[in-house]
Amino acid sequence: MWKNLKKLPLWAKIFIGMGLGILWGLVSVWSGWEMFTTDWVKPWGTIFLKLLKLIAVPLIFVSLVKGISSLTDITKLSRIGYKTIVIYIITTVFATTVGLAMVNIFKPGDVFPDDKQDQYREQFGGQVDVRTKSARELEKESPLFFFEDMIPENFFKAAGDNSKMLQIIFFAILFSIALVLVPGEKTQVVKDFFDGLNDVILKIVDLIMRFAPIGVFALMAALVVDFSGDADIFTALGMYMITVVIGLFLLILGLYPVMMRIFSGIRIPAFMKAILPAQLVAFTTSSSAATLPVTMKQVTNELGVSKPIANFVLPVGVTINMDGTSCYQAIAAVFIAQVFGIDLTLMQQLTIVLTATLASIGSPGIPSGSIVMLIIVLNSVGLPVEGLALILGVDRPLDMLRTVVNITGDSSVASIVARSEGELNSTS
């Protein structure tokens, strides 16, 4: 039996880990083993998450340098960059629009009970104050703060903070362009070094992913235990959650598969099967950055995207392509307006589209990173930031699904860009 389990593909092992984790969590709640699960099971999930985060920064930096430096034609590099950014922005605007359509159709805020609103304000008031302070500090900055913050003062300091991915990407692109512009004979030793380093990092990724089923088991078990006493949250905010889930699934099962079929020629079942392991890791970790190693592996090995394209498009997508986040922010903002009885004009909703698009670009690829950016969206249309307390309790499971949307979008765009450059080797 053990030999048969070892022969199972990664996605099957992760599925088994998720199922057993949910079962263990339920048994823990029923049997009073919550403390045991928190003390002895949950740490293994934390270890797995830390291992993925550990490799995220070196993987992004090395893969970008290797990918860009292999594009010896600087014209081709600029062409790929232009295509990548334009497609990412288009899909983000579309995702925000889908979110607005869903929340206006279902109107989840109209059924929200007043007593729950008061309860959540009291329960999460302190957290909202902290996030409000962060948003106000951002508001005081220059309109060009986004570009200013993109430039690191110290590369090593930025490399020590997973929320500074944009700074890592900026330096990696700058370093790579310089590597391309310097004559080849002078930089060959540097390129060889990064080739070897990339192989080492990919092997580390392979070793970490062998631990994935255990890590996923622990994360899911801990999640069930953490929410065991808050079943009423899901009941009270069920309509809101359903609205978000429908919007996100429209992107996962509608937008991206259709894009893949039309623009890359890959069959929808083949695409969904290829990206499934990355989706499962994204769902359990809630981190696009932590999932990047798996996304890169599936996109290159299963979808046939060339490594130079994947090494450029995917790390950039982790930072600027947050379709799930933008869809969720649009729904959350209008939901909060509905709860407070505020009618938003068409212009205000268009403002949400623009602000959610820009805010999603700045969202870090870490668990619940979009919560802070949501405050900027709320402020853009004059909504009370206290409304954030209403959705904090159910953000975790929705964040897991948002991350699935984000990495699915990254994979789609990488395949489309590769096809346009003649560097897609898929036979699907």
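None of the figures in this text is laboratory data; all of them are computed from the coordinates on show. Just so we're clear, the structure is a prediction, and the values are computed from it rather than from any experiment. Here the Cβ positions follow ideal geometry from the backbone for every residue, glycine too, while neighbour counts run over all protein chains shown.
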Environment charge of R267, counting only residues whose C-beta is closer than 11 Å and scoring Lys/Arg +1, Asp/Glu -1
+2
Charge tally in the Cβ shell below 12 Å around A158, where Lys, Arg are +1 and Asp, Glu are -1, A158 excluded:
-1
For peptides 208-219, 36-47, 239-250, sequence by mean Cβ density within 10 Å, most packed first:
208-219, 239-250, 36-47
Want the number for K50 to K107: 0.36 nm per residue separation, take away the alpha-carbon distance, what's left?
16.7 nm
R267-F147 pseudo-label distance in nm [points 7 Å out on the Cα-to-Cβ vector]
4.7
